[in-house]
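Enquirer: Have a look at this one before I ask anything.
The values are calculated or read from the model by the stated rules, or taken from the named source; none is laboratory data. Computed from a prediction, not measured in an experiment: that's the story for all the values here. Heads up, the Cβs are rebuilt from the backbone with ideal geometry, glycines too, and the neighbour counts pull from every protein chain shown.
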């Protein structure tokens, strides 16, 4: 018999927890798969369902349905764009244009073929309340021949308050054999009432070797490109895509230049560089630039400690010159501030204000 959970890469602790649930026959009816974006949560949820079905003498057709995210075995819910003139009671795709529905299906098909594919839909900023209300209808049907069914909600933090409240009743007492998996990298955006009804299982960032294995085996990436970005990916397949899709080399160069000009108190040049590069894709590139800055200051800490294993390979001179010129700077403080500023992007704070804040914080580092 196949042990489907054994195929999950890099999440040994998660597999241990889920395997214990299965052995004890005490699987929670609702689980929250948290942790960095796209480190195997979606794949693990499907493998868990297969594992449960296999232990209940499943027929082969069921496994195909799971892989295809087909109802009734899997109810799959994702953020969707709003259609023109859409009202709260309209079906989740009712007011979408035919071309939008076609793109939606193409994206889901890509996810079906590759669990690590990141679905990308323009203006898909929320999980609609109608999608959540569909769960109640789904639960009302009797599928006594199926020992287990899965309700899988991606980016669960994109449910609004109304949608989360609508989910509560379904979440509290689902029919026997039905279990929920909510996937999110931002559990803090979920209501406490939602979190209290879920067993949270945190997924860890993947090791570099696991990221490389998944990328090489699931995507058509150049191995050299993978090696360039992998150490900046923070153990996330999603981060690799963001870095490669936004001209990784340019991001590195621009980050170094913003740091250089900020430390030299050349504010206007720093601001211009920063605002120009985030112009086309503001939130995503803004977050990537801050991440790279944090990586650079972590490299400073490493060089100070005599550790030559740094992120910014090829830029060692900029790091070493900073250490020599400013040996007594409190790097941990700027890393903390940048980390806090990075969080603010989720609260729709004006990006220009955040840019100014970042540049002034960096420049103040060498004025003490």
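Enquirer: Determine which member of the set 339, 318 is farther than 30 Å from residue 184 by Cβ and modelled with pLDDT of 85 or more.
Expert: On the way: 339 fails: farther than 30 Å from residue 184 by Cβ.
Criteria check complete, one pass: 318.
Enquirer: Could you check residue 37 against (1) surrounded by fewer than 18 Cβ atoms within 10 Å (Cβ to Cβ); (2) assigned to a loop (DSSP other than H, G, I, E, B) and say which number it fails?
Expert: (1)
Enquirer: Sticking with this structure for a sec: Can you find a residue in segment 281-289 that is out of contact with any helix residue (DSSP H, G or I) (no Cβ under 7 Å at 6 or more places or on another chain) and either closer than 20 Å to residue 247 by Cβ or without any contact (Cβ under 8 Å) to a residue 12 or more places away in the chain (or both)? Step through it out loud before you land on a result.
Expert: Our first condition is that a residue be out of contact with any helix residue (DSSP H, G or I) (no Cβ under 7 Å at 6 or more places or on another chain); within segment 281-289, this holds for 281.
Of the ones still in play, those that are also either closer than 20 Å to residue 247 by Cβ or without any contact (Cβ under 8 Å) to a residue 12 or more places away in the chain (or both) are 281.
Yes, segment 281-289 contains at least one residue that is out of contact with any helix residue (DSSP H, G or I) (no Cβ under 7 Å at 6 or more places or on another chain) and either closer than 20 Å to residue 247 by Cβ or without any contact (Cβ under 8 Å) to a residue 12 or more places away in the chain (or both).
Enquirer: Residue under question is residue 6, and the condition is that it be in contact with a helix residue (DSSP H, G or I) (Cβ under 7 Å, 6 or more places away or on another chain) and either over 17 Å from residue 183 (Cβ atoms) or not in a helix (DSSP H, G or I) (or both); does it hold? Write out each step before concluding.
Expert: Values: in contact with a helix residue (DSSP H, G or I) (Cβ under 7 Å, 6 or more places away or on another chain): no; either over 17 Å from residue 183 (Cβ atoms) or not in a helix (DSSP H, G or I) (or both): yes.
Judged against the criteria, residue 6 is not a match.
Enquirer: Looking at this structure, is residue 51 at pLDDT 90 or above, closer than 18 Å to residue 152 by Cβ and assigned to a loop (DSSP other than H, G, I, E, B)? Before you say what the answer is, go through the steps one by one.
Expert: Details: at pLDDT 90 or above: yes; closer than 18 Å to residue 152 by Cβ: yes; assigned to a loop (DSSP other than H, G, I, E, B): no.
Against the criterion (at pLDDT 90 or above, closer than 18 Å to residue 152 by Cβ and assigned to a loop (DSSP other than H, G, I, E, B)), residue 51 does not qualify.
Enquirer: While we're here: Among the listed residues 259, 251, identify the single one that is farther than 30 Å from residue 160 by Cβ, outside the structural domain of residue 169 (by TED's automatic domain parsing) and touching a residue at least 60 places away in the same chain (Cβ under 8 Å). Let's see the steps before the verdict.
Expert: Details: 251 fails: touching a residue at least 60 places away in the same chain (Cβ under 8 Å).
Exactly one of 259, 251 is farther than 30 Å from residue 160 by Cβ, outside the structural domain of residue 169 (by TED's automatic domain parsing) and touching a residue at least 60 places away in the same chain (Cβ under 8 Å), namely 259.
Enquirer: If you don't mind, another one. So, in segment 136-162, exactly how many residues are surrounded by fewer than 19 Cβ atoms within 10 Å (Cβ to Cβ) and under 24 Å from the mean Cα position of the chain (by Cα)?
Expert: Number satisfying all stated conditions: 3.
Enquirer: Which condition from (1) modelled with pLDDT of 95 or more; (2) in contact with a helix residue (DSSP H, G or I) (Cβ under 9 Å, 6 or more places away or on another chain); (3) within 23 Å of residue 209 (Cβ to Cβ) is the one that residue 17 breaks?
Expert: (2)
Enquirer: When you check residue 66 against the structure, is it surrounded by 19 or more Cβ atoms within 10 Å (Cβ to Cβ) and farther than 18 Å from residue 149 by Cα, yes or no?
Expert: Working: surrounded by 19 or more Cβ atoms within 10 Å (Cβ to Cβ): yes; farther than 18 Å from residue 149 by Cα: no.
Taking the combined requirement at face value, the residue does not satisfy it.
Enquirer: Sort out for me the helices (runs of 4 or more DSSP H) sitting completely within segment 254-368 that have 2 or more residues that are under 23 Å from the mean Cα position of the chain (by Cα).
Expert: 282-304, 331-344, 351-364
Enquirer: When residue 56 is evaluated against the numbered criteria (1) over 30 Å from residue 3 (Cβ atoms); (2) surrounded by fewer than 16 Cβ atoms within 10 Å (Cβ to Cβ), which criterion, by number, is the only one it fails?
Expert: Going through (1) over 30 Å from residue 3 (Cβ atoms); (2) surrounded by fewer than 16 Cβ atoms within 10 Å (Cβ to Cβ) one by one, residue 56 breaks only (1).
Enquirer: Would you be able to say whether some residue in segment 234-247 is in the same structural domain as residue 323 (by TED's automatic domain parsing), closer than 22 Å to residue 335 by Cβ and either surrounded by fewer than 20 Cβ atoms within 10 Å (Cβ to Cβ) or touching a strand residue (DSSP E or B) at 6+ places or on another chain (Cβ under 7 Å) (or both)?
Expert: No: segment 234-247 contains no residue that is in the same structural domain as residue 323 (by TED's automatic domain parsing), closer than 22 Å to residue 335 by Cβ and either surrounded by fewer than 20 Cβ atoms within 10 Å (Cβ to Cβ) or touching a strand residue (DSSP E or B) at 6+ places or on another chain (Cβ under 7 Å) (or both).
Enquirer: Additional query: In a helix (DSSP H, G or I) and in contact (Cβ under 8 Å) with a residue 24 or more places away in the chain - does that describe any residue in segment 219-230? I'd like the intermediate steps shown before the answer.
Expert: Initially, segment 219-230 is screened for residues in a helix (DSSP H, G or I), giving 223-230.
Retained after the next criterion (residues that are in contact (Cβ under 8 Å) with a residue 24 or more places away in the chain): none.
The answer is no, given that none of the residues of segment 219-230 is in a helix (DSSP H, G or I) and in contact (Cβ under 8 Å) with a residue 24 or more places away in the chain.
Enquirer: Got a number for residues in segment 1-23 being touching a residue at least 12 places away in the same chain (Cβ under 8 Å) and more than 20 Å from residue 236 (Cα to Cα)?
Expert: Total meeting the criteria: 8.
Enquirer: Follow-up. Just a yes or no: is a residue in segment 337-351 within 24 Å of residue 269 (Cα to Cα) and touching a residue at least 60 places away in the same chain (Cβ under 8 Å)?
Expert: Yes, there is a match, as at least one residue in segment 337-351 is within 24 Å of residue 269 (Cα to Cα) and touching a residue at least 60 places away in the same chain (Cβ under 8 Å).
Enquirer: Taking the condition of being over 25 Å from residue 43 (Cβ atoms) and touching a residue at least 12 places away in the same chain (Cβ under 8 Å), how many residues in segment 94-121 meet it?
Expert: Of the residues in segment 94-121, the ones over 25 Å from residue 43 (Cβ atoms) are 94-102.
Going one step further and asking which of them are touching a residue at least 12 places away in the same chain (Cβ under 8 Å), we end up with 95-97, 100.
Qualifying residue count, segment 94-121: 4.
Enquirer: Exactly one of (1) touching a residue at least 60 places away in the same chain (Cβ under 8 Å); (2) at negative phi is unmet by residue 155. Its number?
Expert: All conditions are met except number (2).
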